[in-house]
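> Provided herewith is a single structure, encoded as structure tokens, for subsequent inquiry.
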Amino acid sequence: STSHKTSKRVYFLTNILCFSSFIFFFPLIQISFAMILSNKLIFVLFLSISLFLVPASAIRCFVEKPRNIKIDGYLNYVESPEYRNSKECPILDSNLLICDPSLMHVAMTLDVKYFRGSVAAVHSVLKHSSCPENVYFHFVASKNKDFQDLRKMVKSIFPSLSFKVYSFNEFRVKKLISSSIRQALDNPLNYARTYLAEILQPCVERVIYLDSDVVLVDDIQKLWSISLTGSRIIGAPEYCQANFRKYFTANFWSDSKLSNVFQGKKPCYFNTGVMVMDLGKWRKGDYTVKIEKWMKIQKEKRIYELGSLPPFMLVFGGEIEGIDHRWNQHGLGGDNLVNSCRTLHPGPVSLLHWSGKGKPWVRLDKGNPCPVDLLWMPYDLYRLSSIDSFDDQERRAMI
């Protein structure tokens, strides 16, 4: 079929591009291929090449045609390439397992709706990591009928991945959740990051939390090595130009007993979709209880409108370890009410984040993607790529 031939063509050209970038490192080769394939969206494709085809010591290309994976009704995914450590990576002690101090820990949630995004996020971390075998993933999932299937799917897509799937007690947080401006934000799993210090083993004292709608285009080792100075518990990019007051209601600002929480501080907006967290300090300070306290106040007085973010700002606002903005190019999914196209922020990029209503895999499948969604496509392991669902005209435009 035309679709099958196109998929083979994409597979063949992907290998050619990867091989040429790895051997010759000449960006002009990639640009010439982009011009052959299409005369549209050259700028975005050039940026994609710059971000994704920069050689790294741990990156491996597909050496064989990847096999499709299907388990218990889930649609086909492609098995990830196998990524191995460079020679400079610390040697892991097989006896220590999850408690090995050489491991870098990443926590994410896992559910059916965002599974495709989670897979792309994991793939992006491994692809750009200099020590991919030293990255340990902690997936938090709801304990329901999909729990075992999700675990099997992760194992099938990433056979050599070091990971564990934890069941999340949704009942504890459900009674604390207040309705927000978008129903998706009320999912109990959105609050799982609040409980990581309890869910993960005590020997895990530091973790990078990532939302399911991100991709990394840089080595996660750089993010892991960021220092949390003094008593700081969370590191994240801060956006002090944003209007901090808009994240809380008039009820909050008019009550001095509540608003005085920021007295003597200079709080800035930060996005909780990308955080470096010191779980050791978190446990000692019992910060889960502090966040739950604000959620209980919210149930009584309605002091904010935006899901799980405001309680974090109430507890940590003004006490965040500021990280370079390159580590969270957020808002690429539009705002929380409108699925709008956004452009990249000025400056360097290490992590792309489709926070907001629009998700790249949804827009790609509908054949109406935003230009920035093309930057997500190289990490999509769902049926080689989502272009198989487009007609020929749309497919040519995407390629």
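> Which condition breaks for I303 when tested against (1) within 27 Å of K164 (Cβ to Cβ); (2) touching a helix residue (DSSP H, G or I) at 6+ places or on another chain (Cβ under 6 Å)?
Unmet condition: (1).
> Could you list, in sequence order, the residues of the stretch 338-371 that are open to solvent by 70 Å² or more (accessible area, probe 1.4 Å) and either among the hydrophobic types (A, V, I, L, M, F, W, C) or more than 19 Å from K113 (Cα to Cα) (or both)? So that I can check it myself, show each step before the final result.
We begin by selecting, within the stretch 338-371, every residue open to solvent by 70 Å² or more (accessible area, probe 1.4 Å); these are 338-339, 341-343, 346, 348, 357, 366, 368.
Hits for the stretch 338-371 are V338, C341, R342, T343, P346, P348, N368.
> Would you say Q221 is among the polar types (S, T, N, Q) and at pLDDT 95 or above? Before you say what the answer is, go through the steps one by one.
Numbers: among the polar types (S, T, N, Q): yes; at pLDDT 95 or above: yes.
Answer is yes for this residue.
> A follow-up question, please. Please tell me if V106 is in contact with a helix residue (DSSP H, G or I) (Cβ under 7 Å, 6 or more places away or on another chain) and either among the small types (G, A, S) or open to solvent by less than 10 Å² (accessible area, probe 1.4 Å) (or both). Don't jump to the end; show me each part of the working.
On the way: in contact with a helix residue (DSSP H, G or I) (Cβ under 7 Å, 6 or more places away or on another chain): yes; either among the small types (G, A, S) or open to solvent by less than 10 Å² (accessible area, probe 1.4 Å) (or both): yes.
It is true that V106 is in contact with a helix residue (DSSP H, G or I) (Cβ under 7 Å, 6 or more places away or on another chain) and either among the small types (G, A, S) or open to solvent by less than 10 Å² (accessible area, probe 1.4 Å) (or both).
> Continuing with this model, one more query. Can you name every residue in the stretch 307-324 that is buried (at least 20 other Cβ atoms within 10 Å of the Cβ) and among the small types (G, A, S)?
The answer is G307, S308, G317.
> Which of (1) open to solvent by 30 Å² or more (accessible area, probe 1.4 Å); (2) among the polar types (S, T, N, Q); (3) out of contact with any Gly (no Cβ under 8 Å at 6 or more places or on another chain) is the odd one out, the single condition T194 does not satisfy?
Looking at each condition in turn, T194 falls short on (1).
The values are calculated or read from the model by the stated rules, or taken from the named source; none is laboratory data. All values derive from a computational prediction rather than experimental measurement. Positions of Cβ are backbone-derived with ideal geometry, glycine not excepted, and every protein chain shown enters the neighbour counts. These accessible areas exclude ligands, DNA and RNA; they are computed on the full protein's heavy atoms, side chains included. Shrake-Rupley method; radii C 1.70, N 1.55, O 1.52, S 1.80 Å.
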